[in-house]
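What follows is a structure written as structure tokens; I'll ask about it next.
Read-outs: derived from the displayed coordinates by stated rules, not from any lab. Please read all numbers here as calculations on a predicted model, not as lab measurements. Cβ placement follows ideal geometry from the backbone for every residue including glycine, while neighbour counts extend to all protein chains displayed.
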Amino acid sequence: MPSISRDEVAHLAKLARLAVTEDELDLFAGQLDVILQSVASVGDIAAADIPPTSHAVPLTNVFREDVVRPSLGQQQALSGAPEAEDGRFRVPRILGEEA
Amino acid sequence: MIRQTAAELAAKIHRGETTSVEVTQAHLDRIAETDGKLNAFLHVDTEGALAQARKVDEDVAAGRTPASPLAGVPLALKDVLTQEGIPTTAGSKILEGWRPPYDATVTRKLKEAGIVILGKTNMDEFAMGSSTENSAYGPTANPWDLTRIPGGSGGGSSAALAAHQAPLAIGTDTGGSIRQPGAVTGTVGVKPTYGTVSRYGLIAFSSSLDQAGPCARTVLDAALLHEVIGGYDPMDSTSINAPLPPVVAATREGAQGDLSGVRVGVVTQFSGEGYQPGVLRSFEAAVSQLKELGAEIVEISCPSFDYALPAYYLIAPSEASSNLARFDAMRYGLRVGDDGNRSTEEVMSLTREAGFGPEVKRRIMIGTYALSAGYYDAYYGSAQKVRTLITREFEQAFTKVDVLVSPTTPTTAFKIGERTNDPVAMYKADLCTIPSNLAGNCGLSVPSGLSDEDGMPVGLQIMAPALQDHRMYRVAAAYEAARGPIGGASL
């Protein structure tokens, strides 16, 4: 199994939207490597002919009647928002400077 | 009064010998007196609890039938389940101050049953941990020894029970977070069959494994609570549309003390290296007791169970990395670094960095790695195959025996701080409990006495096939009656 480098941890953190610090990169690089090595043994018994299980209860396409039901009101839905404006969630800018 | 079982308290309340307000106040007083030392509760809802208690008392005074056999009895709710208007954090800074606008189905059922919710209990952040040390709000202490952990992730609930702060509690079990805390605090914890207790309003960690369940000091109290919270729920698309197993009736049958004809399988993989000798001695004594009660004891080998822990620590983080993407600083919860110049993506990254603790970050990154192109087959794909093998071995085992037994956890409660810098050592606390989660089966932990070397509680784990929860209650109730009292926590 490949060992995981500091650069790879930085890449994972970026993918996972975690602005980790330099100190954390050092800490996590070591720890993730140990964890991944300790779980890599799953490959030892996972033969090609074994079907994967994603879920203990094999359910597909659970349908319900398409009926109108009460839902959260606007005020309730916004009650936990970090910022709201005009009955909407207010978010930081979503486009780059050049856009 | 606080030493009594939930069943006893309910009977007295319903007969008018005491009131729910009196019982609730006694537990609130106990919390006020002891929680400075324990830190079992993140929030105590004094007013809400007493209001619910008064409602039950009015029903009793007016001669109305109580809403359930547990109406009027107080309960501690793990902080991973939403309760409308009550702070719900899942042990994380990222949800500090959040007041959910809705009740989880479990919460709604508790309220409808007239159960008094005292407050929200401490836990490892997003239920990731085996010691409650990963809570952003400080660790919880074990009432048997304040220098030791109360298990995790549901350490607040188990500590509250052991310290008589509440006679009932709710936990959630993804890899053992109900059973392992039960074992190390000398209390009863049950992971019901996956899909039999609704996950609606349970803040998701690993959706294919998460399961809420009852915690109590006796098997009967757990069974009574199980029947309150269980059942089909259209709000949870993985809910099983089948009748709930008759766990209360099975408990009463088991309490008669006869296990003739019951075949009990001892899982041979769960002993040997890494197991504390005192835990194994307690387990062997429990197995002898089951034999005396008439059970037939068989040894069962499940070789793939040795791979359950690594499979779990790939599957659970993979699902977590996806589930925790919802904490994006936009709709609820913490927002950090929004200075008017930074982009949404930057604010998101800064918020998640500030709001998540180290274990949550580790698991998100492990999950991201295991799911990424190039590594998927070796890690997540292989783990899913192991899951198939474990499920098959359970199926084979249950053609030979009715229930499987093992120690709930390899050691008694370890010291606070002992494993915090060694994630892999911490993960081993869940060695025996994880297979049932992977297969979607049910599992229960009942105290089997104290370990002779450190005087700390040990748990006997009883496992049964999916939708056969009543089997393990029957065996646990018979064992509990034969075992007798194990003593109580010193606090």
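Applying a 10 Å radius around every beta-carbon, put A:22-30, B:71-79 in order of their mean neighbour count, most first. All intermediate terms of the calculation are to be shown ahead of the outcome.
Details: A:22-30: 14.9, B:71-79: 30.3.
With the highest mean Cβ count within 10 Å placed first, the list reads B:71-79, A:22-30.
Separate question: I'd like the distance separating the alpha-carbon centroids of region B:59-126 and region B:232-253, in whole Å.
20 Å
Taking 7 Å along the Cα-to-C-beta vector as the label spot, tell me the B:Arg99-A:Leu95 distance in nanometres, rounded to one decimal.
With each label placed 7 Å out from Cα toward Cβ, I get 3.8 nm.
Using only helices, what value at 222 nm comes out for the protein assembly as shown when you add -39,500 (n - 2.57) per DSSP H run of length 4 or more and divide by the total residues, to the nearest 500 deg cm²/dmol?
On the way: 20 runs with 226 residues, N = 590.
My calculation for the protein assembly as shown gives -11500 deg cm²/dmol from helical runs alone.
In a shell of Cβ-Cβ distance under 12 Å around A:Lys14, excluding A:Lys14 itself, what net charge do Lys and Arg (+1) and Asp and Glu (-1) give?
Numbers: positive: A:Arg17, B:Arg352; negative: A:Asp7, A:Glu8, B:Glu345, B:Glu346, B:Glu353.
Residues near A:Lys14 contribute -3 overall.
Continuing with the same structure: Within a 10 angstrom radius of each residue's Cβ in B:320-326, how many Cβ atoms of other chains show up on average? Whole number is fine. Write out the running numbers ahead of the final one.
Details: counts 0, 3, 0, 0, 1, 2, 0.
Per-residue shielding by partner chains comes out at 1.
A further question on this structure: Rounded to the nearest 0.05, what FRET efficiency do B:Ala26 and B:Thr147 give with R0 = 25 Å and r taken as the Cβ-Cβ distance? Could you check? Before the final figure, lay out the partial values.
On the way: r = 28 Å, r/R0 = 1.11.
Efficiency for this residue pair is about 0.35.
Taking the alpha-carbon centroid of each part, what is the distance from region B:131-165 to region B:399-443 in angstrom?
Result: 17 Å between the Cα centres.
Arranged by the count of other C-beta atoms within 10 angstrom, fewest first, what order do A:Asp66, B:Asp469, B:Asp339 take? Before the final figure, lay out the partial values.
Working: A:Asp66 5, B:Asp469 28, B:Asp339 8.
In order of increasing Cβ crowding within 10 Å: A:Asp66, B:Asp339, B:Asp469.
Cα centroid distance between region B:263-277 and region B:336-393, in Å?
Value for the Cα centre distance between the two parts: 33 Å.
At 7 Å along the Cα-to-beta-carbon direction for both A:Ala48 and B:Arg64, put a label point, then send me their distance in nm to one decimal.
6.7 nm
Please compute the modelled spin-label separation between A:Leu72 and B:Arg331, points set 7 Å along Cα→Cβ, answer in nm with one decimal.
Result: 0.6 nm between the two label points.
Follow-up question, since we're still on this one. Which parts of region B:458-491 would a label at B:Arg281 reach, counting a residue when its backbone N lies under 16 Å from a point 7 Å out along Cα-to-Cβ?
B:458-459
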